[in-house]
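The values are calculated or read from the model by the stated rules, or taken from the named source; none is laboratory data. This structure is a prediction, so every number in the text was calculated from the model and none was measured. Cβ sites come from the backbone with ideal geometry, for glycine too, and all protein chains shown count toward neighbours. We work out accessible area using only protein heavy atoms, side chains counted, and drop any ligands, DNA or RNA first. Shrake-Rupley method; radii C 1.70, N 1.55, O 1.52, S 1.80 Å.
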Amino acid sequence: MLVKDFAPVRELPVVPLRGLVVFPDSRVHFEISRQSSLQALRAAMKAGQEIFLVAQKDLLAEEPDARQLHSVGVVATVRQVLKDAGGAGARVYIEAQSRARLRELTQEKPYPVALVVPRADKPVPEEKRAVEKALLRQAKVLFDRCSQFISLPPDISITVMAARAAGRLANYIADSLPLPLEEKQNVLEETDPLARLKLLCVALNKEHELQELELRINEQVLRQMDQNQRENYLREQRRAISEELGEGEGAQSEAERYREHIAALKLPKEVADKLYKECGRLERMQPQSPESGILSVYLETALGLPWNKLTKDRLDLEKARQKLDKDHYGLADVKERILQLLACIKLSPDITGQILCLVGPPGVGKTSVAKSVAGAMGRKFARISLGGIRDEAEIRGHRKTYVGAMPGRILAAMAQAGSRNPVLLLDEIDKLCADMRGDPASALLEVMDSEQNAAFRDHFLELPFDLSKVLFITTANDTSTIPRPLLDRMEVIELPSYTIEEKLHIARLHLLPKQMKRHGLTRGRMKLSDDTLRTLIDGYTRESGVRQLERKLAELCRKCAVQVAEDENYKLVIKPNQLEEWLGARQFKEDIHNREPMAGVVNGLAWTPVGGEIMPIEALILPGTGQVKLTGSLGDVMKESAEAAVSYLRYHAKALDLPELFYKENDIHIHVPEGAVPKDGPSAGVTIFTCLLSALSGMKVNPQLAMTGEITLTGRVLPIGGLREKAMAAYSAGIPEVLIPEGNLPDLEKVDEAVKANVAFHGIGHVSQISEYALLCEGTPEDVAEPAKPVLRKAVERKRIRV
């Protein structure tokens, strides 16, 4: 039902009020500082001095819109305007005339203007005069009770007792007492005087109950204060007696020792003042007091931090490069970025805010890279393990009021490093957790923000500590679990999994000498050839890093140590075929791929967290009703790639000289071996397409070829990831040719040189190019029946693909 206002509508400037509700017939002083409100005030002074005052709902809103304003306010006349001394604001004196309802805002900029409708009080019927008198009496009694707890001018009480009208009395009392803003606004919005006075009585009753509760609490506090003063007096007497007996020198000498330490450190004024104050508190306490122990721990912790200790950086780039090359094999991109960081620090020593995040699978050397950076720069190193931390206090510390309180891990690591500019490793930052005790990732936002960490405040210390000189390095296995605001503060450097060749060099140069030294074996006691190491890597480890490889080498060293302990002249030379005698049966078999030309069998390439693998895909065309069956634990994305390949072949069946109704008269079964292993991703699209094309055409596929790439419904071949690992898988399996998307050709720069020397890579941009490399025919071009298959003819002409 639409309610119309028949009162005259007025257009007035609007001043939103924060924390203030003005009632009709009241006179109020208040200050204005917002520019929009000052402009509205000037407009009112030019147009009759009338203005509309209305309370805003959200006290924090700087420029409230119509939804953030209450619907009822008052029309007031501006009587006086006094500008502030600075000229930024004004103090206003107004007389409120009548309540009015806000219909709509007709203007918001540069100041609000609204259409308002005056709302007069409803008259009190004669039959309700007795109710009015009872409400008046009740309101005056409640006002008298509430005023006993508040200091009010005498004229207010006189005016209240003399009031005879319910509406005016409700307005006057609500305006005079410090009631909650919501209750004041409810009183203002009510136009029925009796209902308004009832609302006021309810509010006054609540206020009186709160006042009595506050009085009881204050009395309890005062009694407690009296007790505390008595205890302090007795404590002082006991201290004086102890001094007379010579028992008070311990606390005083301890406090004096702390003062000397503070003076020697030359701390910032805020820090020094706080610590001197705590020394004074400690001096006044008895040694047996529990708080005395807390203060001692606090002062020891604060004075143990490296407030002014800085190590001098070694910024010789050539020596840093040698150090990184000595400690790590490969990782060229990572080393280059670290050298860039050192060069920037050398040219601009005050540079801050560079936080590196090393991301990669387990065992690829993320933590050891951080240690090498510290060694190359000559800085102290400290490590904080963040895995499983779920309490925000682990980062920012506990407040010292708690029993057993201690500083957070950040300041603890700084104290451990003993320098204000260490290399601080935040290990496993992607393993942070959050629960009801807080989110440690949010606490790290301040730590890792160069604009804020110059004054980092630990909850235990409660003093600003400068972290801006710290070089933060974080490590993670997966960036998807790192909160976006935290990840945004870091520069991500990816450490890929090691190839077999890289593992071979790492084992030869680092792991084997390390384990032989650890187990007391001299250099000539045990020898492993490169072929033996390759067999060990490929047959007994399947990982992205080298941790399992190091364990296997340690096992060989232990077994050799047993023989050497029994025979001092014993020397061990292990050949590839002897590994099973020492380590047991081979744990991982060679990649199974098709070695004979077959129709419907294609060698694909797959990426896994531990490296690349050969992934053969098989297809059969069966009589049926057009069903497509996919087996081998395939994910949704891989299934969609198969559907895209089938759809492309259906659309181009005539051009490819395929049976045009194969999708109705045949069933298609696509299978990826090792069905217990889940598989997913779009990069198998090219392989599935080739497999279906071969199965439908009956032409065999070159077994010395592997492929990878994503396809679209239009036949385009899109770039994929993990090319480095996939190329190594083809090389390890002895496959001489690989088809890759044209968009991945620039990525060949990251492929190992040994791989590129033994594997030919062909870039394709469309599926029509696949048959040129993949399909074989035992006959000659003349053997192909007319009309010749236009797309397959190139494969027939080549017979044997070799580039």
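Give the residue from Val447, Gln416, Leu432 lying farthest towards the positive end of the charge dipole for the stretch 396-472; charges sit on Cβ (+1 for Lys and Arg, -1 for Asp and Glu) and the dipole is referred to the Cα centre. The listed residue farthest towards the positive side: Gln416. Counting only DSSP beta bridges with both residues in the stretch 590-727, the antiparallel share comes to about 70 percent.
Simple rule: put +1 on each Lys or Arg Cβ and -1 on each Asp or Glu Cβ in the chain, find the dipole, and look at Cys201, Ala774, Ile150; the Cα lying farthest toward the positive end is Ile150. For Leu17, the residues whose amide H sits under 5 Å from its own are Val54, Ala55, Gln56, ignoring neighbours fewer than 5 places away on the same chain, with H placed 1.01 Å from N. Across all Cα atoms of the stretch 636-694, the radius of gyration (one decimal) and Dmax (whole number) stand at 12.3, 38 Å.
Which of the three applies to the stretch 54-209, rounded, prolate or oblate, going by the alpha-carbon gyration tensor with a ≥ b ≥ c and a/c under 1.5 meaning rounded?
Judged from the Cα gyration tensor, the stretch 54-209 comes out prolate (a/c at least 1.5, a/b above b/c).
Computed about its Cα centre, the charge dipole of the stretch 1-110 is approximately 160 debye, with only Lys, Arg, Asp and Glu carrying charge at their Cβ. DSSP loop (so not H, G, I, E, B), at most 13 other Cβ within 10 Å: list which GluC sites (Glu not before Pro) in the stretch 583-678 pass both filters. Passing both the DSSP loop test and the Cβ count: Glu590, Glu660, Glu674. Roughly how tilted is helix 249-265, in degrees to the nearest 10 and between 0 and 90, from the longest Cα axis of the chain? With both axes taken from Cα atoms, the answer is about 60 degrees. Over the chain, dividing the summed -39,500 (n - 2.57) contributions of all DSSP H runs of at least 4 residues by the number of residues returns a 222 nm mean residue ellipticity of -13000 deg cm²/dmol. For the chain, the residue among Pro112, Ala760, Val160 whose Cα projects farthest onto the positive side of the dipole built from Cβ charges is Val160. Restricting the calculation to Cα atoms, the stretch 532-676 shows an Rg/Rh of 1.22 when the hydrodynamic-style radius is the Kirkwood one. The translational diffusion coefficient of the stretch 409-454, from Stokes-Einstein at 25 °C and 0.890 mPa s with a Kirkwood hydrodynamic radius over alpha carbon pairs, comes to 203 µm²/s.
Distance from the C-alpha centroid of the stretch 127-147 to that of the stretch 329-344: 83 Å, rounded to the whole angstrom. With respect to the chain, whose longest principal axis is taken over its alpha-carbon atoms, helix 269-284 is tilted by about 70°. Put a plus charge on the Cβ of each Lys and Arg, a minus charge on the Cβ of each Asp and Glu, and nothing anywhere else: the dipole of the stretch 466-507 about its Cα centre is then about 140 debye. Its relative contact order, with pairs defined as Cα atoms under 8 Å and 6+ residues apart, puts the chain at 7 percent.
In Å, what Kirkwood hydrodynamic radius results for the chain from the alpha-carbon pair distances?
The answer is 35.8 Å.
Exposure check, 1.4 Å probe, all protein chains in place: Lys198 carries approximately 110 Å² of accessible surface.
The accessible area of Thr532, taken with all protein chains in place and a 1.4 Å probe, comes to roughly 0 Å². Just so you know, the averaged projected area of the alpha carbon convex hull for the stretch 627-733 sits at 7.1 nm².
Largest accessible area first, the residues Met436, Met406 order themselves as Met436, Met406 under a 1.4 Å probe with ligands, DNA and RNA left out. Relative intensity of the stretch 339-463 on a log10 scale, I(q)/I(0) at q = 0.16, 0.18 Å⁻¹, equals -0.88, -1.09, per a Debye sum over C-alpha point scatterers of equal strength in the absence of solvent. Here Cys433 sits with roughly 40 square angstrom of accessible surface, probe radius 1.4 Å.
With a ≥ b ≥ c the root eigenvalues of the C-alpha gyration tensor of the stretch 72-134, is it rounded (a/c under 1.5), prolate (a/b larger than b/c) or oblate? Could you put the intermediate results ahead of the total?
Working: a/c = 4.71, a/b = 1.88, b/c = 2.50.
Taking the square roots of the gyration eigenvalues as a ≥ b ≥ c, the stretch 72-134 is oblate.
Of the chymotrypsin sites (Phe, Trp or Tyr not before Pro) in the stretch 552-636, the ones in a loop by DSSP (not H, G, I, E or B) with at most 12 other beta carbons within 10 Å are Phe588.
Surface composition of the chain: carbon plus sulfur atoms contribute 51% of the solvent-accessible area (1.4 Å probe, protein chains only, all chains present).
With both partners inside the chain, how many of the DSSP beta bridges are antiparallel, as a percent to the nearest 5? Each step should come with its number before you reach the end.
On the way: 55 of 94 bridges.
About 60 percent, rounded to the nearest 5.
Compactness of the stretch 475-600 is given as radius of gyration and Dmax, 19.3, 62 Å, from Cα positions.
How tilted is helix 317-327 with respect to the longest principal axis of the chain? Cα atoms for both, answer in degrees (0 to 90, nearest 10). With both axes taken from Cα atoms, the answer is about 70 degrees. From the largest down, the stretch 692-752 spans 37, 29, 12 angstrom on the principal axes of its Cα atoms.
Think of a 1.4 Å ball rolled over the protein heavy atoms: the stretch 638-721 then has 42 Å² of accessible area per residue. Within the stretch 80-155, report the chymotrypsin sites (Phe, Trp or Tyr not before Pro) that DSSP leaves as loop and that have at most 15 other Cβ atoms within 10 Å. In loop regions of the stretch 80-155 (DSSP not H, G, I, E or B), the sparsely surrounded chymotrypsin sites (Phe, Trp or Tyr not before Pro) are Phe149.
Using a probe of 1.4 angstrom and keeping all protein chains present, the accessible surface of the stretch 395-449 works out to 40 square angstrom per residue. Proximity of backbone amide H atoms, modeled 1.01 Å from N, is registered between Leu572 and Met526, Lys527 at under 5 Å, excluding neighbours fewer than 5 places apart on the same chain. About the centre of its Cα atoms, the chain shows a dipole size close to 1040 debye [charges on the beta carbon of Lys, Arg (+1) and Asp, Glu (-1) only; nearest 20 debye].
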